[in-house]
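The values are calculated or read from the model by the stated rules, or taken from the named source; none is laboratory data. Quick caveat: nothing in here was measured; it's all calculated off a predicted structure. Backbone-built Cβ (ideal geometry, glycine too); neighbour counts: all protein chains shown.
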């Protein structure tokens with residue numbers, strides 16, 4: 001587990017769990033020996049800058065895992081170094097996976113929001129173009145490739161988009177990523193969403209070029225790609 005994940009995992013941990021892990025690590029590394037009496041709750045509370053009650057909860061976790069045993073009036077005694085090591089390893093693995101999952105979810109959400117902003121910017125661009133021209137000369141369409149293509153290895157360049165349809169591709173969405181002005185050598189595939197500018201005739205020709213793919217006019221609609229469904 002790298003340092004950034006460790007810091008984040010540690011920051012999301014309850015104080016009493018931190019105490020349990022910290023003490024278990026000292027037992028696992030041999031700083032605290034089996035058969036040794038652990039320092040008093042007051043001393044540990046001062047050492048970790050927490051309340052004695054927080055220390056008690058942490059020690060109870062270790063007792064539940066049979067790493068230590070508590071004796072009324074006698075204190076807390078260490079009973080197993082092996083179980084302390086297993087406890088530390090299990091804790092680090094579980095928290096590492098949880099933090100990695102959280103990182104992935106946050107990155108996907110951030111990427112989704114960025115794609116939505118890009119699409120909205122595209123919409124604003126073409127709305128401004130319509131106003132300045134006073135005509136509907138520029139129209140933005142979305143073409144969804146829902147089905148496998150008959151010629152799956154043919155690139156955008158090889159399809160001669162402009163020559164065959166009069167359309168200009170301005171963006172392509174794939175795997176939660178929006179590519180502005182995609183590389184002409186890019187090979188379209190099932191699941192892609194192509195954004196292009198053109199006329200109604202261009203729309204028809206683009207659907208034919210991509211094997212009857214479904215398209216729609218975006219200029220008069222709110223952007224939809226990147227929105228979540230409840």
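The helices (runs of 4 or more DSSP H) found wholly in segment 1-107 and carrying at least 3 residues that are farther than 30 Å from residue 176 by Cα and either modelled with pLDDT of 90 or more or in the same structural domain as residue 176 (by TED's automatic domain parsing) (or both) occupy 15-28, 52-64.
At pLDDT 90 or above, crowded, with 16+ Cβ neighbours inside 10 Å and under 23 Å from residue 124 (Cα atoms) - does that describe any residue in segment 213-226? There is no residue in segment 213-226 that is at pLDDT 90 or above, crowded, with 16+ Cβ neighbours inside 10 Å and under 23 Å from residue 124 (Cα atoms).
Residues that are surrounded by fewer than 17 Cβ atoms within 10 Å (Cβ to Cβ), touching a strand residue (DSSP E or B) at 6+ places or on another chain (Cβ under 6 Å) and touching a residue at least 12 places away in the same chain (Cβ under 8 Å) occur in segment 37-55; there is at least one.
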